[in-house]
Amino acid sequence: MFWDKKIETISRSGLERLQLKRLKSTLAGINKNVPFYKDKLKKLKIKPDKIRNLEEIRNLPFTTREDLRANYPYGLLAVSLDHVVRLHTSSGTTGKPKAILFSRKDIEQAADLIARCLVMTGMKKNEVFQNMMSYGMFTGGLVMHYGAEKVGLLVIPAGPGNTDRQISLMQDFKSNAIHITPSFALYLADVLEKKGVDPRKDLFLKRAYMGAEPYTEATRNKIEAIYGIDVYNSYGLSEMNGPGVAFECPEKNGMHIWEDNFLVELVDPKTNGPVPEGKEGELVLTTLCREAMPIIRYRTGDLTSIIPGKCRCGRTHRRVSRMTGRTDDMFIVRGVNIFPQQIERVLMAIQGVGRNYQITLDSLDDMTVKVEIRKELFDGKVDHLVNLQNTITEKLRDEIMVRPRVELLEPGALPPSEGKAKRVLDNRTL
Ligand code: ADP
Ligand code: ZN
């Protein structure tokens, strides 16, 4: 099923013509209205109206997360405030958040992409869609909500957590589809089992849309088997609207990335050079339809590859494979993006903390921070140790919004680092 068959199955040459036209108009807009980009283009002597083909994108500057932070709050805005109707921010990182501003047209456009995604997987009017993603500053809830309403689904804005209520809503309103993180889907399965609710018999689910954090094919299979449903991988990031950037079709073999809205590049994160189809690289995206806040050559940090060949579903927009990781050392616990440097900064500012520490990721919801503390503290009162442990836990929680388990160790207890320290041990078997 198609939401907009013409654009979803557009010929490659037609698509490229459209991309070039949109790229040029995006560049003309930011060159006129965004001093940050104007300066960059001027330094590189790039004239938007002189761009002749899509390959020339490679001459343009990258935009990084740091650029977004440095231009917080309004620095990258390309329209006047009377055209801006919504703010979203990206979760979980240090310092200032990344602010993403939407015009009314941007919201329409984002909803339209979601509508494509949902209809592509078979959703129809009069189906019931329970949205278990966070509403608010996070894009996951609201952006998906608008798209689902656009399709005409009955949308239940349940938000995350509150498991008992989720279950009764699913039962009472006979929800057919859920939007959920993999970690919450697994947790919910445990609760259902404890309550004696059989998800295959006592619920009405047919589909789940799962994303916001990396997970493996094995996790998908596990969740599909538990619930007796189809799980579709959903990829997005706030900087590019949120969900709806790339989404699986019923073939479940890679995610179609909507190339009429995003110009897709894969670059080698070390050399910044192009990566051929089928090979892994960092996904770099340029918005082609954004009005309020266009972004060019955005370094997503996400590692993936372009799947060669045509998809059997008939869509011509290329597919990207499941994200295999990130170029930086960010990790995600409970859906929150965390950088090891955040933890290091907190630890190193606390009296009594030694030099070495290690983070172990035990599950999608749990992490342990092992930290060496000064020898003399072990010789003192136990109360002091407990206090220190509590202080560390609370300060970390304040910084990363997730409460880690904290273990205090004697100096030398952790393996010494040879060369680059291995700070994060990921024990998660997804
Ligand atoms: P959030 O606030 O959603 O965490 P961000 O925009 O900060 O929003 O997070 C987006 C990041 O989440 C992506 O860059 C990617 O690393 C990760 N992500 C989102 N969806 C997926 C997915 N389906 N598979 C793997 N990683 C994903
Ligand atoms: Zn397809």
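Across the stretch 276-308, the residues whose backbone nitrogen lies under 19 Å from the label position 7 Å along the beta-carbon direction of Phe36 are 284-302.
Kindly identify the stretch 331-426 as rounded, prolate or oblate by the Cα gyration tensor criterion: order the square roots of the eigenvalues as a ≥ b ≥ c, call it rounded if a/c is under 1.5, otherwise compare a/b with b/c, prolate if a/b is larger, else oblate. Because a/c hits 1.5 or more and a/b fails to exceed b/c, the stretch 331-426 counts as oblate. Using C-alpha pairs under 8 Å with a sequence gap of at least 6, the mean separation divided by the residue count of the chain gives a relative contact order of 14 percent. Taking every C-alpha pair closer than 8 Å and separated by at least 6 residues, the mean separation divided by the residue count of the stretch 331-426 gives a relative contact order of 35 percent.
The ranking of His179, His145, His83, His256 from fewest to most other beta carbons within 10 Å of each one's beta carbon is His83, His145, His256, His179. Restricting to the chain, compute how many DSSP beta bridges are antiparallel as a %, nearest 5. Percent antiparallel among DSSP bridges in the chain is about 60. Other residues with beta-carbon under 12 Å from the beta-carbon of Ile51 carry, at +1 per Lys or Arg and -1 per Asp or Glu, a net charge of +4. Using the Cα gyration tensor of the chain, with a ≥ b ≥ c the square roots of its eigenvalues, what is the shape: rounded (a/c below 1.5), prolate (a/b larger than b/c) or oblate (neither)? It comes out oblate by the Cα gyration axes. Computed about its Cα centre, the charge dipole of the chain is approximately 1560 debye, with only Lys, Arg, Asp and Glu carrying charge at their Cβ.
For the chain, modelled as a GNM whose springs connect Cα atoms under 10 angstrom apart, the maximal fluctuation among Arg116, Arg319, Arg355 occurs at Arg355. Summing +1 for each Lys or Arg and -1 for each Asp or Glu among the other residues whose beta-carbon sits under 10 angstrom from that of Val275 gives -4.
Neighbour counting of Cβ atoms within 10 Å sorts the residues Cys313, Cys249, fewest neighbours leading, into Cys313, Cys249. Look at Tyr37, Tyr215 and count the other Cβ atoms within 10 Å of each Cβ; fewest to most, that gives Tyr215, Tyr37. Net charge in the neighbourhood of Ala99 (other residues with Cβ under 15 Å of its Cβ; Lys, Arg +1, Asp, Glu -1) is +2. Cross-link partners of Lys375 among aspartates and glutamates, defined as those whose alpha carbon lies under 13 angstrom from its own and excluding same-chain residues fewer than eight positions apart: Glu410. Report the Cα centroid-to-centroid distance between the stretch 35-75 and the stretch 197-211 in angstrom, as an integer. Result: 45 Å between the Cα centres. With the helix formula -39500 (n - 2.57) applied to DSSP H stretches of n ≥ 4, the chain reaches a computed 222 nm mean residue ellipticity of -10000 deg cm²/dmol. Close Lys pairs in the stretch 76-202, defined as Cα atoms under 28 Å apart and 8 or more places apart or on different chains, number 15.
Each reported figure results from applying straightforward, stated rules to the coordinates on display, with no laboratory input. Keep in mind that this is a model prediction, so the values were computed, not measured. All Cβ positions, glycine included, derive from the backbone under ideal geometry; neighbour counts span all protein chains shown.
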